[in-house]
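Presented below is the structure to which this report refers.
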Amino acid sequence: MSAVMKPKAWFDMKRGAFERTLVDQMKGLRPVVDEFRASKARGKPLTCLDVGCAEGLIGMEMAKAGAIHVHGVELVPDRVADANRVRGSLPCSFEAANVCTYTPKRPYDVLLALSILHKLPNPSATLFRLVHSFCRRMVAIRLPPGRGPVIIDPRSNNEPHNLDLVLHDLGFQLEHEAEGHLHEYIGVWRMKE
């Protein structure tokens, strides 16, 4: 019988960054940070749902930028415990849940899906469900390098999932593309006005 392995994290709360730093993780997310800052400056701060949030550090950065509330969802309970332990007085909450079946209790202005969708059995359906019912303004996605906003992965039977088309059908338009620290694809979509 083999031991069940815990998914590898990019950050270890006891040892610090070991694959990349928080600065590395924030690369390409400037438009999202700017959105929170600008909305707060206008007196209309935004909310954020971070699916696959790991230890919640990116969500905490969004709270520091002005998000009125950040809610993170993560499959690994130890990571959720770490996130809740280090959030301090930031307007953040974290819970253990499977993003494939998770149903938010309220809508959010911004959805972060950073390095999670390509790991799911049906990324298009999960993204559609979360955005259709629970995202009102902006979506940020990080994917492995090489195919832009298209996922082709064994975990989804190597079926192509064009996330740009999913978001376009939901009324979102691609606004920003960037390359992450490890050459990942980062896309930011905004609801069309």
| query | So which residues in the range 143-193 are at positive phi and out of contact with any Phe, Trp or Tyr (no Cβ under 6 Å at 6 or more places or on another chain)? | reply | GLY146, ASN157, ASN158, GLY171, HIS183
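Return the residues of the range 71-94 that are small (Gly, Ala, Ser) and either under 14 Å from the mean Cα position of the chain (by Cα) or over 12 Å from MET60 (Cα atoms) (or both); say none if nothing qualifies.
Selection gives GLY72, ALA81.
One line per residue, one yes/no per condition, for (1) surrounded by 18 or more Cβ atoms within 10 Å (Cβ to Cβ); (2) touching a Cys at 6+ places or on another chain (Cβ under 8 Å); (3) part of a helix (DSSP H, G or I):
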| residue | (1), (2), (3) |
| --- | --- |
| THR126 | yes, yes, yes |
| VAL131 | yes, no, yes |
| ARG142 | yes, no, no |
| PRO145 | no, no, no |
| ARG155 | no, no, yes |
| GLU159 | no, no, no |
| LEU167 | yes, no, yes |
| GLN173 | no, no, no |
| HIS183 | no, no, no |
| message | Quick test of your reading of the structure: GLU19 fulfils all but one of (1) modelled with pLDDT of 95 or more; (2) in a loop (DSSP other than H, G, I, E, B); (3) not basic (Lys, Arg). Name the failing condition by number. | response | (1)
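The values are calculated or read from the model by the stated rules, or taken from the named source; none is laboratory data. None of the values given here were measured: they were computed from a predicted structure. A quick note on method: Cβ atoms are made from the backbone with ideal geometry, for glycine too, and the neighbour counts reach across all protein chains shown.
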